[in-house]
Amino acid sequence: MLPDNLQASIYGIEGTSLTGEEKAFFAAQKPYGFILFARNCEQPEQIRALIDQLKECTGRDELPVLIDQEGGRVARLKPPHWRAAPPAEVFAEIAKRDQNRAERAVYYNARLIAAELRDLGITVNCAPLADIPVPGSHTIIGDRAYGKTPAEVIRLARRMSDGLLSGGVLPVLKHIPGHGRARVDSHDDLPIVEASLEELEASDFVPFKALADIPLGMTAHIVYTALDKDRPATTSPTAIAYIRNEIGYDGLLMSDDLSMKALGGSFKQRAHDTLAAGCDLVLHCNGKMDEMKEVAQGARPMTPDAYRRAVAAWTMLEESQPVEWATDLAEYEQLMSA
C-alpha cells in the first residue's frame, strides 16, 4: 500500500491547482501526504481535479489527503457546496440534557462529514479534539471542545472518531497531550503550561489516554514544564516518550503545523527536531515553496515504526460502511431537533 522511501512529511498546497514547481517538488520529495485549506477548495470538481493532480505527480492512488473539517469555525469546506456542521460545543450542550442523544448526533454528524470528504477524495479529517479548556485559557479551543471534563470529552470525541471511521475517513486525535490550558494561541506565540504532572494526569491527559487507539494523532506546540521546561511537546524527546509510554499512544503521530510561531529556528531545524523527538511525520501547511524546501532539508524517510503505524491506520478504512446520505441526514436532523 505504501511505497518505499516516503518522506516523513505532509505538505500544503498554494492554490486551487498544482504549479509546475509544486509537481516537480512533490514528485522528488515523495511526502506521506498532503493537507488542504480553504484557499485550495472552491468547488467539488476543482478539488477532485486537484487531488487527481496530487495522485498523478506522486504516482499513488491510495493517498492520504487531510483537511480540518471539525465543524463550526474550523471548517475548510463551507456552504453552498457543503453542509454547515455545528461546533463541538453544540453537542456538549445537548449532552447536558441527554447524553445518548448527543452521542448519536455526533456520530451521524461525523458520518455526514465523512461522506462529503470521501466524495472529493479526502481521506483524513483532523478531528476530534480531546482538549479540555479551563477558565482563563485562550479562546483558540473554546467552542471546539466536547466538554469541560475528561468524561464529557471522551464520550463525544469517541463518537466523532467512530463516525468518521465508519464513513471511510481516518480521524486525527488532537492536540496531544492537551491544548486546553494554553493562555496564548500557538499560531502566534509559545504557550507555557506550568500545571503539575499530578494535575495534568488527573485532567488534561486523561482523554488522550482513553482515546489512544485513534489511528492518527497531532501534537501540541506547548511547553509543559512538568515534562520539559525548555521545549514544546512537538520537539521534546521527553514529552514524546511520555506520550508513547505513559499516555500509551502508538498511532501515527504528526506535528501540528511547523509554520506556527510557537516554534523557533529555521524550518530545516524545526523539521529535524520534530522527527528527532519521536514524531512520525512533520506537517507544513501554508504551501510556501521556500519554506517547504527548508522542511525537506530537515526531514528524513519514514521509519519502520512510522510505516507500521501508517499501514495499520489505512487498514482500518477497510471496515467502513458506505454512508446512506438521506437516511443518515434524516437521523441526524431528528436528533438535533428533538
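Remarks
- Taking 7 Å steps out from each Cα toward its Cβ at Asp119 and Met336 produces label points 1.4 nm apart.
- Listed residues Ala202, Ala312, Ala145, most fluctuating in the chain (Gaussian network, C-alpha, under 10 Å): Ala202
- Alpha-carbon Rg/Rh ratio, for region 142-194, with Rh computed the Kirkwood way: 1.04
- Taking a quarter of the surface of the Cα convex hull of the chain gives a mean projected area of 15.3 nm².
- Neighbour counts of other Cβ atoms within 10 Å put Glu42, Glu103 in the fewest-to-most order Glu42, Glu103.
- Residue order, fewest to most beta carbons within 10 Å, for Met254, Met316, Met289: Met289, Met316, Met254
- Gaussian network model of the chain, Cα within-10 Å springs - most flexible of Glu45, Glu89, Glu291: Glu45
- Straight-line cross-link reach from Lys293 at under 13 Å between alpha-carbon atoms covers these aspartates and glutamates, not counting any fewer than eight positions away in the same chain: Glu21, Glu22.
- Taken over region 219-338, the alpha-carbon convex hull comes to 182 cubic angstrom per residue.
- Descending semi-axes in whole angstrom, ellipsoid equivalent of region 11-53, from the Cα gyration tensor: 18, 10, 9
- Paramagnetic reach from Lys23 in region 249-292 [backbone N under 14 Å; point 7 Å along Cα→Cβ]: none
- When the convex hull of its Cα atoms is viewed from all sides, region 14-151 shows a mean projected area of 9.6 nm².
- Remark: Cys57, Cys279, Cys285 ranked as Cys57, Cys285, Cys279, counting other beta-carbon atoms within 10 Å and listing the fewest first.
- Rounded to whole Å, sorted largest first: equivalent-ellipsoid semi-axes of region 96-211, Cα gyration tensor: 26, 17, 12
- Potential extension, Ser196-Glu42 segment - 0.36 nm per residue separation minus Cα distance: 50.9 nm
- Loop-located chymotrypsin sites (Phe, Trp or Tyr not before Pro) across region 36-110 with a Cβ neighbour count of 12 or fewer within 10 Å are lacking, with loop assigned by DSSP.
Bear in mind that the values in this text are calculations on the coordinates, not laboratory data. Quantities reported herein were computed from a predicted structural model and do not represent experimental measurements. With ideal geometry, Cβ positions are generated from the backbone for all residues, glycine too; neighbour counts draw on all protein chains shown.
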